[in-house]
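Q: My structure is below; once you've seen it, I'll send some questions.
The values are calculated or read from the model by the stated rules, or taken from the named source; none is laboratory data. Just so it is clear, the model here is predicted, and its values are computed rather than measured. Note that we place each Cβ from the backbone using ideal geometry, even for glycine, and neighbour counts take in every protein chain shown.
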Amino acid sequence: MSWLKREKEGILTSTENKVEAPDGLWTKCPACKTPTHIKELKDNQHLCPACGYHYKIGSQEYFSILFDGGKFQELDANLSSGDPLSFTDSKPYPARIVETQRKTGLRDALRTGYGKLEGAPIVISCMDFAFIGGSMGSVVGEKIARGIVYAIEHNCPFLMISKSGGARMMEGALSLMQMAKTSARLAQLAEKGLPYISLLTDPTTGGVTASYAMLGDFNIAEPEALIGFAGPRVIRETIGKDLPDGFQSSEFLVEHGFVDFIVRRHELKLKIAELLSLLRD
């Protein structure tokens, strides 16, 4: 049984299998339970040295992996969400934004950078799941749209790295509008003949999957990522039937033609450079 299936079915690690370790020094692989020193994990691009499990990472880690020397110019870094609906659930939406910004050090659930990948200029937008589940609000959509415009203005490719729970409910229909806005900007990118590569990581769901995440010239994914619109539990309860093994995993989607292929993180930079070279030719 893969780690993804265990996660979907809600199987938890038993007490006797848990390993106590000092906070911040060691982590235990969710797949094979092997303890790994944090420094070794970072040096290995956040892959388990024992089994190759892909730990969830954010924009800072992806930028360090993909941009040459980890150097980039961040675009629209100071955009922050408003409160168009005066939304309140367990707390007011503005208070939730401020609290999440303090906890994560991020302004919102997406960052965009401009730099070079294997010597060629590129714009990369990357979502951060740590910020309200990587939810797509107005700021996320606006930063993606601006990133695409920047790529057009600088005649370079655009790479989108998705990791999201879907639309941000606190912004209602304004969140859903970002699907159309980003898709329209991608159409403009295509009209200019500029490449767009979409990388789907764990998890990519909801309105993100229904829009820009699946519109790439190449749609690629990390191994065993959860990719879909509604979650498997919701689908199972709706249709009243069991789902196929591996349903909504990267491997399942490749087999059924929704994703072009899977790329391991060690190979990601060179593979993207190769794909961009093909698209330029």
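Q: Suppose we filter V259, V208 for residues that are in a helix (DSSP H, G or I), in the same structural domain as L110 (by TED's automatic domain parsing), closer than 22 Å to G58 by Cα and in contact with a strand residue (DSSP E or B) (Cβ under 6 Å, 6 or more places away or on another chain); which single one remains?
A: Being in a helix (DSSP H, G or I), in the same structural domain as L110 (by TED's automatic domain parsing), closer than 22 Å to G58 by Cα and in contact with a strand residue (DSSP E or B) (Cβ under 6 Å, 6 or more places away or on another chain) holds for just one of V259, V208, which is V208.
Q: If you don't mind, another one. For segment 145-158, state whether one or more residues are more than 23 Å from F129 (Cβ to Cβ), among the hydroxyl-bearing types (S, T, Y) and in contact with a Cys (Cβ under 9 Å, 6 or more places away or on another chain).
A: yes
Q: For residues in segment 179-202 being free of Cβ contacts under 8 Å to residues at least 60 places away in the same chain and part of a strand (DSSP E or B), which is surrounded by the most Cβ atoms within 10 Å (Cβ to Cβ)?
A: L200
Q: So which of P84, P92 is surrounded by 14 or more Cβ atoms within 10 Å (Cβ to Cβ), at pLDDT below 95, more than 28 Å from P223 (Cβ to Cβ) and in the same structural domain as G115 (by TED's automatic domain parsing)? Steps first, please.
A: Values: P92 fails: at pLDDT below 95.
Sole residue among the options that is surrounded by 14 or more Cβ atoms within 10 Å (Cβ to Cβ), at pLDDT below 95, more than 28 Å from P223 (Cβ to Cβ) and in the same structural domain as G115 (by TED's automatic domain parsing): P84.
Q: Restricting attention to segment 99-131, and to residues there that are in contact (Cβ under 8 Å) with a residue 40 or more places away in the chain and in contact with a His (Cβ under 9 Å, 6 or more places away or on another chain), which single residue is surrounded by the most Cβ atoms within 10 Å (Cβ to Cβ)?
A: V123
Q: Quick check, is T112 over 22 Å from L85 (Cβ atoms), polar (S, T, N, Q) and in the same structural domain as L276 (by TED's automatic domain parsing)?
A: Considered against the rule, which asks whether it is over 22 Å from L85 (Cβ atoms), polar (S, T, N, Q) and in the same structural domain as L276 (by TED's automatic domain parsing), T112 comes out as yes.
Q: Tell me which residues, restricted to segment 118-146, are charged (D, E, K, R) and in a helix (DSSP H, G or I).
A: Result: E142, K143, R146.
Q: Pick out the one residue from K271, K241 that is out of contact with any Leu (no Cβ under 9 Å at 6 or more places or on another chain) and part of a helix (DSSP H, G or I).
A: K271
Q: From the list T205, T209, T238, which residue is out of contact with any Asp or Glu (no Cβ under 9 Å at 6 or more places or on another chain), without any contact (Cβ under 8 Å) to a residue 40 or more places away in the chain and at negative phi? I'd like the intermediate steps shown before the answer.
A: Values: T205 fails: without any contact (Cβ under 8 Å) to a residue 40 or more places away in the chain; T209 fails: without any contact (Cβ under 8 Å) to a residue 40 or more places away in the chain.
Unique residue meeting the criteria: T238.
Q: If you don't mind, there's one more thing I want to ask. When the residues of segment 148-164 are filtered to those that are within 20 Å of the chain's Cα centre (by Cα) and over 13 Å from I197 (Cβ atoms), which remaining residue is surrounded by the most Cβ atoms within 10 Å (Cβ to Cβ)? Break it down stepwise before answering.
A: Keep residues of segment 148-164 that are within 20 Å of the chain's Cα centre (by Cα), which gives 148, 151, 157-164.
Among the residues that remain, those that are also over 13 Å from I197 (Cβ atoms) are: 163-164.
Working: K163: 29, S164: 27.
Going through the qualifying residues, I end up with K163.
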